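This report concerns only the one structure given below.
Values quoted throughout were computed directly from the atomic coordinates according to the rules given, and no laboratory measurement underlies them. A quick note: this is a predicted structure, and the numbers were derived from the prediction, not measured. Virtual Cβ from ideal backbone geometry, glycine too; neighbours counted across all protein chains shown.
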Amino acid sequence: MSADANGRGNATAPTAAASDGASGPAPQRATPHARGDYSRLMPMTTRLRDTDVYGHMNNVVYNEYFDTAVNQTLIELGVLDLRQSAVIGLVVHSQTSYFRPVSFPDSVVLGLRVGRLGRSSVTYEFALFRGDDETAAAQGSYTHAYVDRATSQPVPLPSALRRALEPLLLKSA
């Protein structure tokens, strides 16, 4: 029971923000992306070990898929040698939104695009599509800060990396 301006009790239910201790407005829920929003699509197969006790792919596993998609793409584009590249990308920010469960033995397609090419960082965007679904089961992004492998100091994006990623850059509407 809460009190009105005169100190009298009223039966108004508390708002969700008040009842869970949060301040400010609730975050806006993301809208699932469409398969056609991504220029690079990579088929993958879920693994038995990806499924948790709740019967769906565990949330941390999505980041493994995203990381695999980025590294596989960079290797295929000839701009990453996992053992010897002098410049490497380190994840400094990540986020994921989940819409529908994925589980073993689902076939999935991972969409990859570049949301932003900065001076020394790249924001990669992902969507995971189940089977032939046209809308994402999950989507997210992460930002790589590019550093010198030996010193871990930030460096400008190598020109070969920038050229390789430009075709994947999200086109502004």
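Below, the figures for the structure above:
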quantity	calculated
Additional length obtainable on full extension of the chain from Asn63 to Thr31, 0.36 nm per residue less Cα span	9.6 nm
In degrees, nearest ten, helix 59-76 long axis to first principal axis of the chain (Cα)	20
Choice from Gln153, Gln95, Gln28 with maximal GNM fluctuation in the chain (Cα, 10 Å cutoff)	Gln28
Packing-based exposure ordering (other Cβ within 10 Å, fewest first) of His56, His93, His33	His93, His56, His33
Projected label distance in nm at Val155 and Leu48, using a 7 Å step from Cα toward the beta-carbon	4.3
Fewest-first ranking of Tyr65, Tyr124, using other Cβ atoms within 10 Å as the exposure measure	Tyr65, Tyr124
